[in-house]
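Student: For reference, the structure I am asking about is given below.
The values are calculated or read from the model by the stated rules, or taken from the named source; none is laboratory data. These figures come from a predicted structure and were not determined experimentally. Cβ placement follows ideal geometry from the backbone for every residue including glycine, while neighbour counts extend to all protein chains displayed. Quick note on the areas: whole protein, heavy atoms, side chains included, nothing else; ligands and nucleic acids left out. Shrake-Rupley method; radii C 1.70, N 1.55, O 1.52, S 1.80 Å.
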Amino acid sequence: MDALRFDNAFVRDLPGDPEAGPRLRQVEGAAWSPVAPTPVAKPRLLAWTPDLAARLGFSEAAVTSPAFAEVFGGNRLLPGMQPFAANYGGHQFGHWAGQLGDGRAITLGEVVDAGGARWELQLKGAGPTPYSRMADGRAVLRSSIREFLCSEAMHHLGVPTTRALSLVGTGEQVVRDMFYDGHPREEPGAIVCRVAPSFLRFGSFELPFSRGDATLLRRLADFCIARDFPHLSGSGEALYADWFADVCTRTAGLVAHWMRVGFVHGVLNTDNMSILGLTIDYGPYGWIDDYDPDWTPNTTDAQVRRYRFGWQPRIAQWNLLRLAHALSPLFADTAPLQAGLDRYVAAFEAAEQATIAAKLGLSACREDDVARMRELHVWMHGAEVDMTLFFRALAEVDMAAAAPDPAPLDDAFYDPGKREAALPVLREWLARLGARVREDGRDPARRRAAMDAANPKYVLRNYLAQQAIDLAEQGDLSGVHALQEVLRKPYDAQPGREAYVGKRPDWARDRPGCSTLSCSS
Ligand code: AMP
Ligand code: MG
């Protein structure tokens with residue numbers, strides 16, 4: 001473990017706060033503040049990610065040694081680590097919120113792996129920083145398990161994301177009022193080590209812009225391009241324009257993936273938008289069970305539902321507009337920024353069309369296929385149909401028949417009455433899709449393989465995560481480990497693991513953690 005190679009570019013190349021330690025403060029003219037993790041009582045490794053550990057250069061023996069839990073529980077630093085909290089701002093629920101920063105995250109350092117790739121190691125829940133505002137800088141086991149499992153599930157689904165190396169229990173209790181309703185309780189604390197090439201966010205650029213600090217803004221932009229976008233070349237405004245367009249393209253791809261797999265981020269504030277287009281800051285996220293574009297798991301957003309499933313594409317666009325605004329001092333006029341925003345629209349449309357073709361099993365997406373998918377979505381919403389089960393089973397419907405039999409889709413319905421009422425429309429829709437598939441003329445086996453690669457069989461349904469959490473809070477990590485295993489191959493049939501495929505059971509419909517979550521974690 002002592003042989004890891006650290007190259008801490010962020011603290012080396014960007015201005016830091018002259019004051020060290022967690023005293024709460026406004027930090028001006030600096031991108032980071034030096035602050036060490038606060039030691040915990042009894043760090044214990046609860047789960048870890050073998051392929052990521054190997055990639056970073058940790059042997060199994062190193063990960064399972066007591067020293068690993070000490071380091072990734074925040075009690076010890078390795079040679080070369082330079083812990084800091086990053087400074088950033090953000091728009092929260094549509095309003096400028098000023099300085100936010102890493103209030104419960106501390107970066108330990110940047111590891112360069114054997115292949116030359118750079119990985120920032122960051123502890124989430126490692127204690128107070130200058131940015132902790134009213135809170136304690138800690139994280140509870142329940143939220144840490146959710147982040148640990150979901151970031152890895154997303155990675156294996158092929159969705160860009162920060163990753164999770166380890167889950168360490170702190171041996172300490174954390175007090176949380178889970179629903180902000182005056183019923184605080186003690187919960188076990190935990191720390192996730194999350195890993196990404198960069199944790200820069202849209203809000204990292206918005207903060208210096210809001211303060212009129214063009215010098216820091218430019219330094220951040222230059223640093224980000226050099227470290228995180230090394231494939232871009234050129235200089236000056238043209239380079240900034242290419243960079244912004246790249247961010248827009250990545251963001252479009254990211255959101256298209258979320259819509260494909262049925263993921264609802266839940267808190268798409270601009271401080272939770274990664275400049276690399278990664279899914280970041282897993283909080284009150286959720287997975288679509290019955291298809292409902294208006295659903296959000298986040299109780300904090302229950303009234304407006306700004307961050308509902310179906311609005312994610314337009315919210316990402318709004319967030320990019322905020323970023324464009326923040327970057328405007330780098331440009332003489334707004335045309336390059338507008339070009340980037342246009343790129344978002346075009347890239348999202350292209351990605352959405354590719355998704356439609358893949359999910360329906362067509363070799364390409366035509367205009368009538370876009371309409372076909374929209375029609376299906378409306379029907380699924382009205383008929384209360386499970387998104388994951390429906391698309392996965394669609395590959396089983398025999399499209400050679402003039403009137404395809406919808407029987408393989410039976411399992412996807414939640415309500416037998418709604419199913420009866422909705423079947424005629426489904427039959428008709430399937431007949432038209434069948435004609436289209438026959439016209440497309442693809443080999444059925446290849447069609448099926450392509451559909452299975454776009455329509456996951458296993459996703460981290462909210463109730464599955466909650467069941468693993470309930471067990472873990474009793475000290476039994478087997479549910480977490482089992483989910484970790486299943487979610488490593490989300491597109492494969494995994495015989496014997498049918499328990500992870502079923503639709504949301506009735507008891508989970510309105511249970512906290514299964515259908516509703518708050519930002520309090
Ligand atoms: P999030 O909703 O996780 O994006 O957090 C929004 C802001 O609140 C960020 O600046 C976080 O660092 C901060 N924050 C959230 N939870 C805590 C906590 N338990 N302790 C300190 N800061 C927190
Ligand atoms: Mg955040």
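Student: Quick check on the chain: helices-only [θ] at 222 nm, where DSSP H runs of length 4 and up contribute -39,500 (n - 2.57) each and the sum goes over total residues. Nearest 500, please.
Tutor: Details: 16 runs with 215 residues, N = 521.
One gets -13000 deg cm²/dmol as the mean residue ellipticity at 222 nm.
Student: If I take R0 = 60 Å and measure r between the Cβ atoms of Ala346 and Lys42 in this structure, what FRET efficiency does the formula 1/(1 + (r/R0)^6) give, to the nearest 0.05? Numbers along the way, then the final one.
Tutor: Numbers: r = 53 Å, r/R0 = 0.88.
E between Ala346 and Lys42, to the nearest 0.05, is 0.70.
Student: Phe179 label point, 7 Å along Cα→Cβ, cut-off 20 Å on backbone N: hits in the stretch 423-462?
Tutor: Hits in the stretch 423-462 for Phe179 at 20 Å: 462.
Student: Sticking with this structure for a sec: Could you pull out the pairs from Lys42/Lys503; Lys359/Lys503; Lys359/Lys418 whose alpha carbons sit more than 27 Å apart here?
Tutor: On the way: Lys42/Lys503 38 Å; Lys359/Lys503 19 Å; Lys359/Lys418 24 Å.
Check vs 27 Å cut-off fails for Lys42/Lys503.
Student: What is the local net charge at Asn87, summed over the other residues whose Cβ is closer than 10 Å to its Cβ (Lys, Arg +1; Asp, Glu -1)?
Tutor: On the way: positive: none; negative: Asp17, Glu28, Asp102.
Overall, the nearby charge balance is -3.
Student: Roughly speaking, what is the centre-to-centre gap between the stretch 150-209 and the stretch 29-102 when only Cα atoms are used, to the nearest Å?
Tutor: The stretch 150-209 and the stretch 29-102 have Cα centres separated by 10 Å.
Student: Separate question: Provide the FRET efficiency to the nearest 0.05 for the Ala335-Arg211 pair, computing r from the beta carbons and using R0 = 25 Å.
Tutor: Working: r = 26 Å, r/R0 = 1.03.
Working from the Cβ atoms, E equals 0.45.
Student: So, one more: Can you tally the net charge around Ala332? Count Lys and Arg as +1, Asp and Glu as -1, for every other residue whose Cβ sits under 15 Å from the Cβ of Ala332.
Tutor: -1
Student: Sort the stretch 442-491 into rounded, prolate or oblate with this rule: let a ≥ b ≥ c be the square roots of the eigenvalues of the Cα gyration tensor; rounded if a/c is under 1.5, and if a/c is not under 1.5, prolate when a/b is larger than b/c, oblate otherwise.
Tutor: Working: a/c = 6.94, a/b = 3.54, b/c = 1.96.
Judged from the Cα gyration tensor, the stretch 442-491 comes out prolate (a/c at least 1.5, a/b above b/c).
Student: State the percentage of accessible surface on the stretch 283-324 attributable to carbon and sulfur atoms; use a 1.4 Å probe and exclude ligands, DNA and RNA. Show your work: numbers first, answer last.
Tutor: Working: 700 of 1450 Å².
On the stretch 283-324, the fraction of accessible area on carbon and sulfur atoms equals 49 percent.
Student: Fully extended, how many nm does the chain gain between Glu439 and Leu423 (0.36 nm per residue separation, minus their Cα-Cα distance)?
Tutor: On the way: separation 16, 0.36 × 16 = 5.76 nm, distance 2.41 nm.
Additional length available on full extension: 3.3 nm.
Student: Can you run phi through the Karplus equation (6.51, -1.76, 1.60; θ = phi - 60°) for the stretch 169-178 and list ³J(HN,Hα) in whole Hz, with x for Gly and Pro?
Tutor: Each residue's phi maps through the Karplus curve to give x, 8, x, 10, 9, 10, 8, 9, 9, 4 Hz.
Student: If you rank His91, His381 by how much accessible surface each has, with a 1.4 Å probe, what is the order from largest down?
Tutor: Numbers: His91 30, His381 75 Å².
Result of the area sort, largest leading: His381, His91.
Student: When only the heavy atoms of the protein chains count and the probe is 1.4 Å, how do Lys359, Lys489, Lys503 rank by accessible area, highest first?
Tutor: Highest to lowest solvent-accessible surface, that is Lys489, Lys503, Lys359.
Student: Also, I was wondering about something else. Once fully extended, how much extra length lies between Asp7 and Glu186, figured as 0.36 nm per residue of separation less the alpha-carbon to alpha-carbon distance? Don't jump to the answer; show the numbers that get you there.
Tutor: Working: separation 179, 0.36 × 179 = 64.44 nm, distance 3.85 nm.
Fully extending the segment from Asp7 to Glu186 adds 60.6 nm.
Student: Treating the angle as unsigned and between 0 and 90°, give the value, to the nearest 10°, between the Cα long axis of helix 335-360 and the longest Cα principal axis of the chain.
Tutor: On a 0 to 90 degree scale, this one is about 40.
Student: Provide the net charge surrounding Arg25, with neighbours chosen by a C-beta distance below 10 Å and charges set as Lys +1, Arg +1, Asp -1, Glu -1. Please list the in-between numbers first.
Tutor: On the way: positive: Arg23; negative: Asp17, Glu19, Glu28.
Overall, the nearby charge balance is -2.
Student: Let me ask you something else. Run the quick spin-label model on Arg306 and Asp411: label points 7 Å from Cα toward the beta carbon, then report their separation in nm to one decimal.
Tutor: Computed distance between label sites Arg306 and Asp411 equals 3.9 nm.
Student: Provide the gained length on full extension for the span Leu321 to Ala354, in nm with one decimal, where the gain is 0.36 nm per separating residue minus the Cα-Cα distance. Show your work: numbers first, answer last.
Tutor: Working: separation 33, 0.36 × 33 = 11.88 nm, distance 2.48 nm.
Result for the pair: 9.4 nm of gain on full extension.
Student: Using alpha carbon centroids, what distance separates the stretch 428-498 and the stretch 268-316, in Å?
Tutor: 21 Å
Student: Arg446 to Asp368: FRET efficiency via 1/(1 + (r/R0)^6), r the Cβ-Cβ distance, R0 22 Å, to the nearest 0.05?
Tutor: Values: r = 22 Å, r/R0 = 1.00.
After rounding, the FRET efficiency stands at 0.50.
Student: Under a 5 Å amide H to amide H cut-off, with H placed in plane at 1.01 Å, what residues pair with Ala47 once short-range neighbours are removed?
Tutor: Leu167
Student: When all protein chains stay in place, what accessible area (Å², nearest 10, 1.4 Å probe) is found for Arg5?
Tutor: Counting only protein heavy atoms, Arg5 exposes about 140 Å² to solvent.
Student: OK, next. Among rounded, prolate and oblate, which fits the stretch 1-361 when a ≥ b ≥ c are the square roots of the eigenvalues of its C-alpha gyration tensor, a/c under 1.5 means rounded, and a/b larger than b/c means prolate? Numbers along the way, then the final one.
Tutor: Values: a/c = 1.41, a/b = 1.20, b/c = 1.17.
Rounded is the answer for the stretch 1-361, as its axis ratio a/c remains below 1.5.
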